[in-house]
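Reviewing the structure listed below.
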Amino acid sequence: MPFDIFHAYLVLFFVGVIYAIVSALLSGVFGGDHSMDVGAQHVDIGTSLDGMVHFSPLSPAIIATFLTAFGGTGIICVKVFNLSGYISLPIALLAGLSIGTAVFLFFQWIFERTQGSVHIEASKLAGTRADVITPIPARGVGEIAFVASGFRQNAPARSEDGEAIESPAEVEIVRSLGGTYLVRRVEKK
């Protein structure tokens, strides 16, 4: 039996289904987390300059959806409606792109509705109390932790007067300077 358009559609359909299953297994969908996270990013998402996480149109879920819809529509066109490859190909392509786009837009909608922004204006943090979690050396950079907008944040910090501040210690944020916070020791009462 020669390899024809039906077999091509069949292969793409199963590649899409298998790709979806493997992606789901590797991402921890079925329990257990076997994926490797780096910070808040995964393989199929990324952050933009606004600090928000966005879903990628080239994510494994969208690719699997396109392949499965393309192959499945092609199979239906060839076997159910007896259409030739020249007619079934644009129909399958349109169906794959349409269904892939619909799934992408659905996931994007979910991401926009479920994530909260933790973007905080540094200028509004002046006077905020923080804990030194990594000692700040004299004229060096350490790390502080503070709560802003209901979220605990960690950030690099320098001493306002250039003196060392040990850990643990309570400090107050004075201002932000290029992504690093200038802090001063809180006087104990």
- [ ] Residue by residue through region 136-168, note down the ones that are of a type in the set (D, E, K, R) and over 29 Å from the mean Cα position of the chain (by Cα).
- [x] Arg139, Arg158, Glu160, Asp161, Glu163, Glu166
Task: Answer from Glu170, Glu163, Glu143 - the residue that is outside the structural domain of Ile62 (by TED's automatic domain parsing) and in contact with an Asp or Glu (Cβ under 8 Å, 6 or more places away or on another chain) - done: Glu170
- [ ] Answer yes or no as to whether Ile91 is in a strand (DSSP E or B), in contact with a helix residue (DSSP H, G or I) (Cβ under 7 Å, 6 or more places away or on another chain) and surrounded by 11 or more Cβ atoms within 10 Å (Cβ to Cβ).
- [x] no
Task: Yes/no for Gly127 being in contact with a strand residue (DSSP E or B) (Cβ under 8 Å, 6 or more places away or on another chain), small (Gly, Ala, Ser) and either at negative phi or part of a loop (DSSP other than H, G, I, E, B) (or both) - done: yes
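Within region 33-42, is there a residue that is in a strand (DSSP E or B), modelled with pLDDT under 55 and within 25 Å of the chain's Cα centre (by Cα)? Lay out the reasoning, then the answer.
To start, the set of residues in region 33-42 that are in a strand (DSSP E or B) comprises 38, 41.
Next, only the ones that are modelled with pLDDT under 55 stay: 38, 41.
Narrowing further to those that are within 25 Å of the chain's Cα centre (by Cα): 38, 41.
Yes.
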Open item on the list: Looking only at region 76-114, count every residue that is of a type in the set (A, V, I, L, M, F, W, C) and more than 34 Å from the chain's Cα centre (by Cα) and tell me the total.
Closed with: 7
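Would you say Val29 is assigned by TED's automatic domain parsing to the domain that holds Leu105, at pLDDT below 95, out of contact with any Leu (no Cβ under 7 Å at 6 or more places or on another chain) and within 20 Å of Trp109 (Cβ to Cβ)?
So Val29 fits the description; yes.
The values are calculated or read from the model by the stated rules, or taken from the named source; none is laboratory data. This one's a predicted model, so the numbers in the text were calculated from it and none came from an experiment. We place every Cβ from the backbone using ideal geometry, glycine too, and count neighbours over all the protein chains shown.
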